[in-house]
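Nothing in this text is a laboratory measurement; each read-out follows from the coordinates by a stated rule. A quick note: this is a predicted structure, and the numbers were derived from the prediction, not measured. Here the Cβ positions follow ideal geometry from the backbone for every residue, glycine too, while neighbour counts run over all protein chains shown.
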Amino acid sequence: MLGQGALIDFDAVLSVYRQKMLLQRREDELNRQRGGGDEFTMWRAAWIPFCSFGVDCLSGLCLDVESGRLWYWSEYAERTVRFESLTAYLEEMADVLEVPSLATDDKPGLVNGVLVWGPPRNAVERASWEPIAE
């Protein structure tokens, strides 16, 4: 996926979602014990993770099913809107695949016939990475 992400399987979706919701419930409980005031949103029930930027699922993208926006999340409670919609994300990815020079970060390429955004950080993959030409 664009940005060196990978789709996560359904079990990982459930695991990340449950973990994040548990952390949010704990934060809400601590906030109540402190007498309210500053609420900190770590996760919302409407956020569904679908993409990870590592095999450990410590950061990735989630779809806000209420607004349609795609949010970036990390283990450090970073939360930022990355795309206004899943459509915008997929269109940007398609545009970069059609015209690789449009890429502002990672460029599309192939490693053993597999699409990889890079150049890859792994030396072995980087050695066999072939950028997609326009």
Checked the range 53-104 with the C-alpha gyration tensor, a ≥ b ≥ c its square-rooted eigenvalues, rounded below a/c of 1.5, otherwise prolate if a/b is larger than b/c and oblate if not; verdict oblate
Pick the calculated mean projected area of the Cα convex hull in nm² for this structure from (1) 8.4; (2) 9.4; (3) 10.1? (2)
Would you mind listing how long the range 1-52 runs along its three principal axes, going by Cα atoms, in whole Å with the largest first? 42, 22, 15
For the chain, the charge dipole (Cβ of Lys, Arg +1; Cβ of Asp, Glu -1; about the Cα centre) points to a positive end, and the Cα of V114, P49, V96 closest to that extreme belongs to P49
Top of R18, R44, R32 by mean-square fluctuation, Gaussian network on the chain, Cα under 10 Å: R32
